[in-house]
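Data first, discussion second: the structure below is written as structure tokens.
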Amino acid sequence: QVQLVESGGGLVQPGGSLRLSCAASGSIFSISTMGWYRQAPGKQRELVASISNIGSTNYADSMKGRFTISRDNAKKTVYLQMNSLKPEDTAVYYCNADIRDLLRLTRDNYWGQGTQVTVSS
């Protein structure tokens, strides 16, 4: 069974930084695109950033220059470094990945359970 487990959320003051991590585990043959999404109260879930298995990145416009996505393929982990955080960045952040299962060799999309990020003074 494949799982994505996020960590690193918390409370931070405006202008501060946080680093989120998401580790994939289970019967994994390969991982293609990994990404981060977020959902604020009363709003739809939105893409924050994504990264391909060869390191090509994509960012939502409002995150460019402040957030950096990276991954360690050996550790099956994706990271999100968030700098210059604003109150409007407050949301639950979800990890997402396209993973090919080792046993069935089928590719499915997986979500983590989410981690809360709160930006407040």
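Structure notes:
- Unmet requirement for Leu18, which otherwise passes all of (1) surrounded by 14 or more Cβ atoms within 10 Å (Cβ to Cβ); (2) more than 17 Å from the chain's Cα centre (by Cα); (3) closer than 14 Å to Val119 by Cβ: (2)
- Condition met for Ile54 (more than 14 Å from the chain's Cα centre (by Cα) and aliphatic (A, V, I, L, M)): yes
- Evaluation of Gly65 against (1) closer than 20 Å to Leu11 by Cα; (2) modelled with pLDDT under 95 (one fails), failing number: (1)
The values are calculated or read from the model by the stated rules, or taken from the named source; none is laboratory data. Nothing here was measured: the structure is a model prediction, and the numbers come from that model. Please note: Cβ atoms are built from the backbone with ideal geometry, for glycine as well, and neighbour counts cover all protein chains shown.
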